[in-house]
Amino acid sequence: MHGGDIYRQQVTYDFSVNINPIGLPDAVRQVMENSGDLAMQYPDLQCQKLRIKLADCLGIRPEQILCGNGASELILAVCHMLRPKKALLSAPCFSGYETALQAVGTEVIRVPLSEADGFAFTEEYGRNLETRIKEEKPELLFLTTPNNPTGKLTEPAYIRRLLTVCEKTDTYLVLDECFMELTGQAAQYSMLREIDSYEKLLILRAFTKTFAMPGIRLGYLVGKQAVLSSVQKQLPEWNVSTLAQAAGVAALADTRYLERACRLIGSERERMGRELEKLGCKVYPSDTNYILFYVNQYGGQKSTDRNHGSEKRLCKKPATDCQAGPEQAAGAGLKARLLRKQIMIRDCSDYPGLTDGYYRVAVKLSEENRMLLDAMAEILC
């Protein structure tokens, strides 16, 4: 279940969705304010202006880009195009991959990341994944960098080794870089510059997160032209609206927007991580605009958690001052208890490989982050 279900909840602050905290670019707002004429036009089937602008910004060719009605539509289209018998997924990872694979009857094989390594994609994990690809010979592998829900980037050298194996086993690698541009490290970590080097590489990105426009559905897939043509046949006509195309072109025009966002995200993420640790949470390293943390189920009492490290107490008050009964256990039902304060966070217990007590929060503006931390401090004591 995704976060962001604000339509059936009373939510003032939504920390469950990881969009750019500085909000819509001004140029996109102007497009929306003057969108009446756009609504009376059929969309350009080829998204030509948008693809040309994207290609110029990314340093690739327009024919290497396929636009879609959000990244989710493109994930489903790839699955329908390949109809793989087997697919490999890291665990934990974005749930949308498995949903799409189930729609086409694919056997999903999960390769768990290690909690001991902070769920990071290590060299050892990469070699394990290479072995599983050779053994299983899946038609499709989904990989996310930075990872969702951890936010941790994967070293390009590990991805190159995977691609070498995938080329031999005829396995497509869909590399989800939807949060890449919010890391401030795309130049070092993105595989876009190597798209010509691999036949089986597809790279997925979205305007949703990068430009804070989830209501204007817009994503894109980068790959070989012949492969993209096959994926496009799985899409409906006019799937990318005139508004989405115009908004995409406008968003790309502000070259300073992402620089400002990445500076803010970097400083606020570090501060939030420190504050969450003070509250007794185990915080997993992140490179982007969200944080995964674990909070145990024992309120203010000390507890040695065999899976999550050494003894910690979940508040600054003495244990005797805390309500530590079953209904008040600090980690138990943290999402529900924050909802009473009209704050939504992402409960990650439904991610394969994670359990009760794992949560993910978006990095927002300083005053919003402070409000969340204060609310959590009240609950965790």
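The values are calculated or read from the model by the stated rules, or taken from the named source; none is laboratory data. This one's a predicted model, so the numbers in the text were calculated from it and none came from an experiment. Neighbour counts are summed over all protein chains in view; Cβ atoms, including those assigned to glycine, are modelled from backbone coordinates with ideal geometry.
Of all residue pairs spaced 6 or more apart or on separate chains, none has beta-carbon atoms under 8 Å together with a first member in segment 25-39 that is without any contact (Cβ under 8 Å) to a residue 24 or more places away in the chain and surrounded by 15 or more Cβ atoms within 10 Å (Cβ to Cβ) and a second member that is in a helix (DSSP H, G or I) and β-branched (Val, Ile, Thr). At least 2 residues being out of contact with any strand residue (DSSP E or B) (no Cβ under 8 Å at 6 or more places or on another chain), of a type in the set (Lys, Arg) and in the same structural domain as GLY96 (by TED's automatic domain parsing) is the threshold, and among the helices (runs of 4 or more DSSP H) wholly inside segment 152-260 those reaching it are 156-169. Candidates THR255, THR208: the one that is modelled with pLDDT under 95, closer than 20 Å to ASN20 by Cβ and more than 22 Å from the chain's Cα centre (by Cα) is THR255.
Residue-level analysis places SER16 outside the set of residues that are among the polar types (S, T, N, Q), surrounded by 13 or more Cβ atoms within 10 Å (Cβ to Cβ) and not in a loop (DSSP other than H, G, I, E, B). In segment 193-206 there is at least one residue matching the filter, namely being surrounded by fewer than 18 Cβ atoms within 10 Å (Cβ to Cβ), under 20 Å from PRO146 (Cβ atoms), of a type outside the set (S, T, N, Q) and out of contact with any Asp or Glu (no Cβ under 7 Å at 6 or more places or on another chain).
Screening PRO112 on (1) in contact (Cβ under 8 Å) with a residue 60 or more places away in the chain; (2) surrounded by 15 or more Cβ atoms within 10 Å (Cβ to Cβ) shows it passes everything except condition (2). Filtered by the rule that a residue be under 30 Å from GLY357 (Cα atoms) and more than 20 Å from the chain's Cα centre (by Cα), segment 127-142 gives ARG127, ASN128, LEU129, ARG132. Of the listed requirements (1) modelled with pLDDT under 95; (2) surrounded by 23 or more Cβ atoms within 10 Å (Cβ to Cβ), GLY215 misses just one: (2).
Among the residues of segment 334-381, just one is crowded, with 18+ Cβ neighbours inside 10 Å and without any contact (Cβ under 8 Å) to a residue 24 or more places away in the chain, namely ASP347. Does segment 6-15 contain at least one residue that is at pLDDT 95 or above and hydrophobic (A, V, I, L, M, F, W, C)? Looking for residues that are at pLDDT 95 or above and hydrophobic (A, V, I, L, M, F, W, C), one finds at least one in segment 6-15, hence yes. Which residue out of ALA87, ALA120 is touching a Phe, Trp or Tyr at 6+ places or on another chain (Cβ under 9 Å), of a type in the set (A, V, I, L, M, F, W, C) and surrounded by fewer than 21 Cβ atoms within 10 Å (Cβ to Cβ)? None of the others qualify; the one that does is ALA120. From the list LEU173, LEU243, LEU182, the one residue that fits, being touching a residue at least 60 places away in the same chain (Cβ under 8 Å) and either closer than 30 Å to GLU135 by Cα or surrounded by fewer than 23 Cβ atoms within 10 Å (Cβ to Cβ) (or both), is LEU243. Applying the condition of being assigned to a helix (DSSP H, G or I) and surrounded by 19 or more Cβ atoms within 10 Å (Cβ to Cβ) to segment 270-285 and asking which residue is farthest from the chain's Cα centre (by Cα) yields LEU276. With respect to the stated conditions, THR106 fails to be under 28 Å from CYS281 (Cβ atoms) and modelled with pLDDT of 95 or more. Residues in segment 40-60 that are assigned to a helix (DSSP H, G or I) and touching a residue at least 12 places away in the same chain (Cβ under 8 Å): GLN48, LYS49, LEU50, ARG51, LYS53, LEU54, CYS57, LEU58.
Every condition in (1) modelled with pLDDT of 95 or more; (2) within 19 Å of ASP44 (Cα to Cα) holds for CYS262 except the one numbered (2). Among the residues of this structure, GLY309 does not count as one that is surrounded by fewer than 21 Cβ atoms within 10 Å (Cβ to Cβ) and modelled with pLDDT of 50 or more.
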